[in-house]
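Note sheet for the following structure.
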């Protein structure tokens with residue numbers, strides 16, 4: 001048994017009891033000493049102080065060391081101690097984030113797996129999705145939904161549906177998204193959510209059904225979206241909702257996942273369908289392809305290869321929107337040229353109405369995000385007309 005330094009214990013107690021608050025560094029030192037003699041009382045405080053210190057530090061290696069120590073302190077707490085799982089989970093979350101910042105992906109996954117054991121399966125689901133392990137990720141999403149996380153929360157349901165779709169379970173993905181859509185309809189009717197969000201969901205659902213050959217379902221969703229857009233163009237959104245760009249960005253990015261390379265452990269992709277807990281290296285690598293894609297687009301433009309150019313230009317648009325991260329400053333002005341070009345290019349291919357309909361739909365949903373409802377309605381009405389005659 002390790003010998004206790006009673007003088008150090010006494011100094012630590014005096015430090016914490018004296019008038020005047022000790023510095024955070026002094027607190028951590030005192031808790032380290034006292035946690036050895038009174039673990040039940042001081043291990044929880046040590047976890048909290050270490051995490052606070054890690055949040056305030058800038059050096060990635062120091063942050064990692066503090067988070068790792070917090071994890072060890074959390075593990076040492078008694079199994080039945082109040083808030084043990086919550087504190088350990090917070091420490092593991094900080095640890096996986098610190099590991100991610102240093103590119104240590106395998107260790108990050110291990111931390112997320114341990115977090116899942118405490119009941120927080122979200123980060124592990126995202127790590128699995130980044131690696132293309134969509135079925136495993138979807139199983140964790142379902143587990144979370146059944147364990148009390150609100151089932152009809154937009155972010156939970158979109159992530160779950162996205163992972164099911166990635167796993168090739170298209171009917172199951174549609175069923176999950178349909179549940180979300182039904183709830184959004186009810187909330188919109190009671191003015192508890194934006195009609196813009198309902199429009200984006202309807203359009204995304206129509207894309208999901210169209211992609212798997214369910215044309216009747218897709219057409220019905222498009223007609224309903226057009227009706228909501230007509231209401232927006234006529235009367236506007238009753239509540240004048242703001243700060244909802246993240247909803248559009250998430251669904252717009254998800255609509256382009258099929259155009260991207262397949263995700264794998266060796267080449268992870270950002271988790272389409274969610275913006276939470278994404279790995280920094282996967283995110284930086286994804287956005288880092290912008291210059292390459294822009295150079296490719298320039299070559300295609302010079303060569304007049306329109307179909308390939310439209311495809312590349314849409315991938316560029318998605319990255320530009322994601323990089324912007326929902327910044328509303330001069331939003332319409334900054335992104336209008338991007339979506340206008342997509343429509344202009346597609347109009348130069350008169351024998352491909354589906355491609356033009358997609359470009360018009362993209363611009364329409366962007367204009368909804370920019371609150372330019374009349375033009376959004378006109379674009380989407382044209383898109384629907386093009387698709388209905390096919």
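Every read-out reported here was derived from the displayed coordinates using simple, explicitly stated rules and does not represent laboratory data. The model shown is predicted, which means the values in this text are computed figures rather than measured ones. Glycine gets a Cβ as well: all are built from the backbone with ideal geometry, and neighbour counts include every protein chain shown.
Please report the spacing between the Cα centers of the stretch 124-146 and the stretch 223-292 in Å, no decimals. Value for the Cα centre distance between the two parts: 18 Å.
Taking label positions 7 Å along the Cα-Cβ direction at both residue 242 and residue 352, the computed distance is 4.1 nm, reported to one decimal. Expressed as an acute angle from 0 to 90° and rounded to the nearest 10, what is the orientation of the C-alpha long axis of helix 215-235 relative to the principal long axis of the chain? The answer is roughly 90 degrees. By the beta-carbon count within 10 Å of each Cβ, the least crowded to most crowded order of 368, 9, fewest first, is 9, 368.
For the stretch 53-111, what mean projected area does the convex hull of the alpha carbons give, in nm²?
Values: hull surface 15.3 nm².
Answer in nm², one decimal: 3.8.
Between 213, 236, 342, the GNM of the chain built on Cα springs shorter than 10 angstrom shows 213 fluctuating the most. Each helix, a run of at least 4 DSSP H residues, gives -39500 (n - 2.57); summed and divided by the residues of the chain, these come to -24000 deg cm²/dmol at 222 nm.
What number, in percent, do you get for the relative contact order of the chain if the mean sequence gap of Cα pairs under 8 Å and at least 6 apart is divided by its residue count?
Working: 470 pairs, mean separation 42.6, N = 390.
Rounded, it is 11 percent for the chain.
Just so you know, the Rg over Rh for the stretch 295-354 is 1.02, from Cα atoms, with Rh as the Kirkwood radius. The smallest convex shape that holds all Cα atoms of the stretch 262-390, its convex hull, gives 132 Å³ per residue. Exposure proxy ranking for 42, 55, 329, 311, based on other Cβ atoms within 10 angstrom of each Cβ and starting from the fewest, stands as 329, 55, 311, 42. The fewest-to-most ranking of 40, 3 by surrounding Cβ atoms within 10 Å reads 3, 40. Our summary gives the stretch 242-388 a relative contact order of 21 percent, counting only alpha carbon pairs under 8 angstrom and 6 or more residues apart. Between the Cα long axis of helix 154-166 and the first principal axis of the chain there is an angle of about 70°, rounded to the nearest 10.
Expressed in nm², what is the orientationally averaged projection area of the convex hull enclosing the Cα positions of the stretch 1-156? Kindly include the intermediate steps, with their values, before the conclusion.
Values: hull surface 46.6 nm².
Across all orientations, the stretch 1-156 yields a mean hull projection of 11.6 nm².
Mind sorting out which of [x] 0.97; [y] 1.07; [z] 1.01 is the real Rg/Rh (Cα atoms, Kirkwood Rh) computed from the coordinates? Matching the structure shown: [y].
Residues considered: 204, 214, 281. Largest GNM mean-square fluctuation over the chain, using C-alpha springs under 10 Å, is found at 214. Taking square-rooted eigenvalues a ≥ b ≥ c of the alpha carbon gyration tensor, is the stretch 81-157 rounded, prolate or oblate, where a/c under 1.5 means rounded and, failing that, a/b exceeding b/c means prolate? Oblate, because a/c is 1.5 or more while a/b does not exceed b/c.
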